[in-house]
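Here is the structure we will look at.
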Amino acid sequence: MIVSMTGFGKKETQFEDKHISIEVRSLNSKNADIHLRTPSYLRELDPEIRKVLTQKLHRGKIDANIYVEFNGESAPTTINTAVVKAYMAQLETLGHATESERMALAMRLPDTLSSEKDSLKEEEKKVLFALLDEVVKELHGFRTDEGSELEKDVLLRIQLIEKHLLTVIKIDPERQKKIENKLRNSLEELKVEIDANRFEQELIFYLEKFDITEEKVRLQNHLNYFKEVITNEFPNGKKLGFIAQEIGREINTIGSKANHADLQTLVVQMKDELEKIKEQLLNVL
């Protein structure tokens with residue numbers, strides 16, 4: 001099966017006086033490129049969160065954001081009242097200003113706010129990772145749905161390449177005959193005496209250079225293997241990419257040996273379909 005690297009997942013939950021929200025997006029990338037943003041008191045969990053994302057999402061450019069909102073009386077930041085009072089007393093000696101003006105100015109001065117690290121409860125940790133698991137499942141659902149569409153498109157193009165290959169196989173004998181006749185006619189036009197046996201040997205040697213029998217067989221084998229991997233293995237994006245490269249090599253070799261207008265046209269059509277396949281495979285997990 002094919003799974004896309006593009007996906008999105010978002011879930012929210014309530015834990016005591018905190019509203020926790022997790023959002024994960026993923027795009028295509030060669031490796032697991034994780035950008036994680038968490039509240040300061042959750043930073044100790046960053047390595048564990050990254051490990052979960054890598055294990056379950058395998059690879060891709062992954063942006064994960066964890067937001068925590070405090071709904072109750074407790075808050076992560078408190079006002080240093082003693083510091084604020086001291087600032088206001090000093091400001092009063094500097095000139096005439098209302099109390100509210102002095103308060104506004106004092107609150108902008110250093111050390112008026114303090115952030116106390118909230119202790120991370122084991123219960124909250126379990127809630128957080130359970131929510132993360134739900135988000136990953138939702139994102140994987142997006143990936144699977146898009147992957148299903150990608151698979152249909154890729155297999156359709158593989159079938160088109162196979163169809164062109166069948167045409168290549170059909171016209172190949174005629175192509176070889178054309179090359180042979182061309183050589184014989186050229187020699188006849190020269191009107192010189194030739195050794196018939198030597199000519200036949202040279203002709204066979206020359207025709208072997210244009211023979212594409214092995215390329216046709218290998219190309220069909222690569223196409224069969226591609227279809228096998230796409231349905232049986234996961235993740236398979238990198239492997240399918242390698243097979244596509246081998247398919248491209250065989251098509252290029254057939255093109256270089258073609259010496260036939262119709263066969264060259266088929267090679268161009270096969271290359272066109274293969275390029276579209278390669279573009280799609282860039283987003284396959």
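When region 9-30 is filtered for residues that are over 19 Å from P235 (Cβ atoms) and part of a strand (DSSP E or B), the ones remaining, listed by number, are K10, K11, E12, T13, Q14, F15, K18, H19, I20, S21, I22, E23.
A search for C-beta distances below 9 Å between a residue of region 233-245 that is under 14 Å from V3 (Cβ atoms) and free of Cβ contacts under 8 Å to residues at least 12 places away in the same chain and any residue that is of a type in the set (A, V, I, L, M) and in a helix (DSSP H, G or I), counting only pairs 6+ apart in sequence or on different chains, returns E233/L240; K238/L281; K239/V229.
Scoring D33 on the criteria (1) exposed (fewer than 15 other Cβ atoms within 10 Å of the Cβ); (2) charged (D, E, K, R); (3) in a helix (DSSP H, G or I); (4) assigned by TED's automatic domain parsing to the domain that holds V135 leaves a single failure, condition (3). What do you reckon, is E174 at pLDDT 80 or above, in the same structural domain as K227 (by TED's automatic domain parsing), of a type in the set (D, E) and under 29 Å from the mean Cα position of the chain (by Cα)? So E174 fails the test.
The values are calculated or read from the model by the stated rules, or taken from the named source; none is laboratory data. Please read these numbers as outputs of a predicted model, since none were measured by experiment. A quick note on method: Cβ atoms are made from the backbone with ideal geometry, for glycine too, and the neighbour counts reach across all protein chains shown.
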